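Here's the structure we're looking at; comments come further down.
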Amino acid sequence: MEHLVRRRYWWFAFSLLIILPGLYMLFLHPLITTGRFAIGLRPSIDFAGGALWELRFPDTAPESLTTDRIAQAFAAGGFESAQVQLSPTVVDGRTVAAALVRTRPLSESDPNSEIEAVTKALTDAFGTVTRERLESVGPTVSAESTRSAVIAVLGASLVILLYLTWAFRKAPHPVRYGVCALISMLHDVLVVLGIAAILGVAIGLEVDALFLTALLTTLSFSVHDTIVVFDRIRENLINRHPAETFDDIVNHSLVQTLPRSINTQLTTFFTLTALLLFGGDTIRNFVLMLLIGLISGTYSSIFNAAQLLVVWEHREWRNWFGRGRRDEAAQAA
């Protein structure tokens, strides 16, 4: 435990090891696969616009239902290029054929006629069809949702920066605490976004309004634990012994807060794990992102935020890439 601060660059390296694959999937993978710049996330209709149909086919055997047949029925109803995902469900112990279908948005002037046309085409092809859910978001609303999501994340980050700077105003260099906490939160955001991009390719995970909620909650996980660590550092700085260095104080503070941080987060971890296993499909992706954010936030508050204070205290960036050592050698000569 006495070497937590001494090994800070090992912790930074581990963070990079986790973040870099996600950055590749976020930025480089779409560019390589499509030839154009895009963000490698799969947006839901909340952000991309369109209509989402959740359908059940009680008269059709699950093995006989195909995506092509459903897409043809939607095309007959006036919705070309429908994206179909089969999702059989269990009702009263019996497996029922079901599907999720994404199409263009419904007409704003006469949506009912389009719904009736699709329902008729599906009924002609499959018999009885029940519509469990239908959501439609136009391009204007989706653009507003995207803009609001970006503003929410940036606004939360700015408020947290200002609050931490004010909260630690009596500590030496209070701005450092706010900036280090913000960098730690950026680490957590990149981890969550990167893993979401990877899962979007692997299992088709979509980014929706619940994902934004999970992302903002991740910021709260991160800053909550970071404040606990920083507050202990501040207390130990006030009561420091003459022989203690800043590194010793930070390391001692981490050792003091480590059991509390882990025990506190474990209770949330167990609750989220239970929800992930037994909470149902509708919230599974949301809970998964919360779990990832919880783990990342706990790690970053201990192994990134506090370590960055030490890096800033010694201005260690002057010695990166050997630059500082060359300057010292030149002065000695």
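The values are calculated or read from the model by the stated rules, or taken from the named source; none is laboratory data. Predicted model, so just to flag it, every value in this text is computed and none were measured. Neighbour counts run over all protein chains shown; Cβ positions are idealised from the backbone, glycine included. Calculation scope for accessible area: heavy atoms of the full protein, side chains included, ligands and nucleic acids excluded. Shrake-Rupley method; radii C 1.70, N 1.55, O 1.52, S 1.80 Å.
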Say R0 is 22 Å: what FRET efficiency, to the nearest 0.05, do Leu20 and Phe269 get from their beta-carbon distance? 0.30
In degrees rounded to 10, the 0-90 angle between helix 139-167 Cα long axis and the longest Cα principal axis of the chain is 20
Specify the residue with the greatest mean-square fluctuation among Leu205, Leu134, Leu288, computed from a Gaussian network of the chain linking alpha-carbon atoms under 10 Å apart. Leu134
Within a Gaussian network of the chain (alpha carbon springs, distance under 10 Å), most fluctuating of Pro242, Pro43, Pro88: Pro242
For volume of the Cα convex hull per residue in Å³, which listed value, (1) 317; (2) 175; (3) 135, comes from the coordinates shown? (2)
Of every hundred units of 1.4 Å-probe accessible area on the stretch 63-124, the number belonging to carbon and sulfur atoms, as a percent, is 47
Compute the helix-to-body angle for 67-76: its Cα long axis versus the longest principal axis of the chain, expressed 0 to 90° and rounded to tens. 60
Roughly what angle does helix 209-238 make with the longest principal axis of the chain, taking Cα atoms, 0 to 90 degrees, to the nearest 10? 10
Distance between modelled label sites at Leu134 and Leu216, nm, 7 Å Cα→Cβ extension: 3.0
Magnitude of the charge dipole, the chain, Cβ model with Lys/Arg +1 and Asp/Glu -1, debye to 20: 1340
Placing +1 on each Lys and Arg Cβ and -1 on each Asp and Glu Cβ in the chain, then taking the dipole about the Cα centre, the residue among Leu215, Val137, Gln72 whose Cα reaches farthest towards the positive end is Leu215
Could you report the chain's accessible area per residue, 1.4 Å probe, as an integer in Å²? 55
Taking the chain and counting helices only, DSSP H stretches of n ≥ 4 at -39,500 (n - 2.57) each over all residues, the nearest-500 ellipticity at 222 nm comes to -21500 deg cm²/dmol
Using a Gaussian network model of the chain whose springs link C-alpha atoms within less than 10 Å, name the residue from Ser136, Ser220, Ser64 with the highest mean-square fluctuation. Ser64
